[in-house]
Amino acid sequence: FDEKADAAQIAQIQRWLDRTEAIIRLRIPDLDDRVAAGTPPEAVVVDVESAVVARKVLNPNGLTSKAQTRTLDDWSETQSETIGSDYMDGTLQLTDDEWALLGLSSGEAFTITPYGQVGVPAGYCGPPYVPGEPYWW
């Protein structure tokens with residue numbers, strides 16, 4: 001993006017801000033209530049959304065490195081630069097630290113629920129297990 005963004009670039013950045021807020025609201029549906037209570041403050045939410053979009057603006061295609069080679073007769077020079085990081089892959093995603101700023105610990109970002117019944121012996125793959133009853137096979 002240019003230093004002097006045109007209307008199309010501003011509209012794109014606004015779409016990315018809206019998408020970032022939608023991503024946040026998927027994990028924090030009561031975001032408005034939390035902000036109203038001051039945890040997190042609205043300024044923190046704005047800063048987090050801005051940081052996510054800034055990474056996208058700085059590296060929209062998710063480049064991890066770039067190189068430029070100049071040659072003249074039998075002379076050549078290559079300059080390379082590492083651009084990206086784990087969170088600069090061209091997608092809109094929040095870092096663990098950003099989720100923490102919004103009040104989510106790493107355990108709150110997602111939940112894994114084990115499949116099966118409590119007390120079922122490890123490796124049991126048969127019909128519903130009834131403690132005390134013999135296996136049917």
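Every read-out reported here was derived from the displayed coordinates using simple, explicitly stated rules and does not represent laboratory data. Note that the structure is a prediction, hence the values are computed from the model and not measured. All Cβ positions, glycine included, derive from the backbone under ideal geometry; neighbour counts span all protein chains shown.
Values computed for the structure shown
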| quantity | calculated |
| --- | --- |
| Qualifying positions in region 27-37 - surrounded by 15 or more Cβ atoms within 10 Å (Cβ to Cβ) and under 14 Å from W99 (Cβ atoms) | I28, L31, R34 |
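Listed here are the residues, each with its yes/no results for (1) among the charged types (D, E, K, R); (2) exposed (fewer than 12 other Cβ atoms within 10 Å of the Cβ); (3) part of a helix (DSSP H, G or I).
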site	(1), (2), (3)
K4	yes, yes, no
I10	no, yes, yes
T20	no, no, yes
R25	yes, no, yes
T39	no, yes, no
A43	no, yes, yes
V53	no, no, yes
V57	no, no, yes
